[in-house]
Amino acid sequence: MRRVDRHFVLAQLVLAPALIVWPSTGNEIELQPESKLWVDGTSSVRGYQCRALAINATLRSESGKAVQAILAGEKAVRDADLTIEAGKLECGNGTMNGHMRKALKADANPAITFTMASYELQKTNDTLRVHLTGDLTIAGAQKTISLQAVGKEGSD
């Protein structure tokens, strides 16, 4: 992949939408098995979508009721880490899988990580807007980034 395409792929990974459900167990909030994270992007040939087959994330809070507090718009998370195995991004095409792993330098850098430094919440009606800042390490390079997210409480 050309350098420009690689940066686009990396940016898409950061901005990929995710469905993440957390049960609270004590002061840690862990991902549910049905949580999903995927990458949408384009190459010089076509568009693609790759899904993460392995996602590990842990949020630590000061209390065991962090999920309820967050949904109410209260800051309850002390710190958070997310790790994706670069070699376990599945694009549904062996050639694309190879290009993705090469762009991510997966052999030398098997993990993509995000460590939250700070966040802000804004609660309006039934919507929660979150602005996260933290360090993203991908393909052996680390950069401080900002992410925007929107959340809603589900039926369960």
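The values are calculated or read from the model by the stated rules, or taken from the named source; none is laboratory data. The structure displayed is predicted, hence computed values, not measured ones. Counting neighbours? That spans all protein chains shown, and the Cβs are built from the backbone with ideal geometry, glycine included. Protein only, heavy atoms only, side chains kept; ligands, DNA and RNA dropped before computing areas. Shrake-Rupley method; radii C 1.70, N 1.55, O 1.52, S 1.80 Å.
How many of the residues making up region 77-86 are open to solvent by less than 40 Å² (accessible area, probe 1.4 Å) and either over 19 Å from the mean Cα position of the chain (by Cα) or more than 30 Å from N125 (Cβ to Cβ) (or both)?
2
What residue, of S146, S63, is assigned to a strand (DSSP E or B), farther than 19 Å from C50 by Cα and out of contact with any Phe, Trp or Tyr (no Cβ under 6 Å at 6 or more places or on another chain)? Let's see the steps before the verdict.
On the way: S63 fails: assigned to a strand (DSSP E or B).
Checking each option against the conditions leaves just S146.
Of the residues A72, A103, A66, only one is open to solvent by less than 50 Å² (accessible area, probe 1.4 Å), at pLDDT below 85 and more than 17 Å from the chain's Cα centre (by Cα); which? Can you show your working first?
Values: A72 fails: open to solvent by less than 50 Å² (accessible area, probe 1.4 Å); A103 fails: at pLDDT below 85.
Selected residue: A66, the only one of A72, A103, A66 that is open to solvent by less than 50 Å² (accessible area, probe 1.4 Å), at pLDDT below 85 and more than 17 Å from the chain's Cα centre (by Cα).
Residues to consider are R51, R2, R6; find the one that is open to solvent by 50 Å² or more (accessible area, probe 1.4 Å), charged (D, E, K, R), modelled with pLDDT under 70 and under 17 Å from P110 (Cα atoms). Walk me through how you get there before you give the answer.
Working: R51 fails: modelled with pLDDT under 70; R2 fails: under 17 Å from P110 (Cα atoms).
From the options R51, R2, R6, the qualifying one is R6.
Given K102, K75, K88, which one is in contact (Cβ under 8 Å) with a residue 24 or more places away in the chain and within 19 Å of G134 (Cβ to Cβ)? Talk me through it step by step, then tell me what you get.
Numbers: K102 fails: within 19 Å of G134 (Cβ to Cβ); K88 fails: within 19 Å of G134 (Cβ to Cβ).
Sole residue among the options that is in contact (Cβ under 8 Å) with a residue 24 or more places away in the chain and within 19 Å of G134 (Cβ to Cβ): K75.
Filter region 115-138 for residues that are within 15 Å of the chain's Cα centre (by Cα) and among the hydrophobic types (A, V, I, L, M, F, W, C); which is surrounded by the most Cβ atoms within 10 Å (Cβ to Cβ)?
Restricting to residues being within 15 Å of the chain's Cα centre (by Cα) and among the hydrophobic types (A, V, I, L, M, F, W, C), the top hit is I138.
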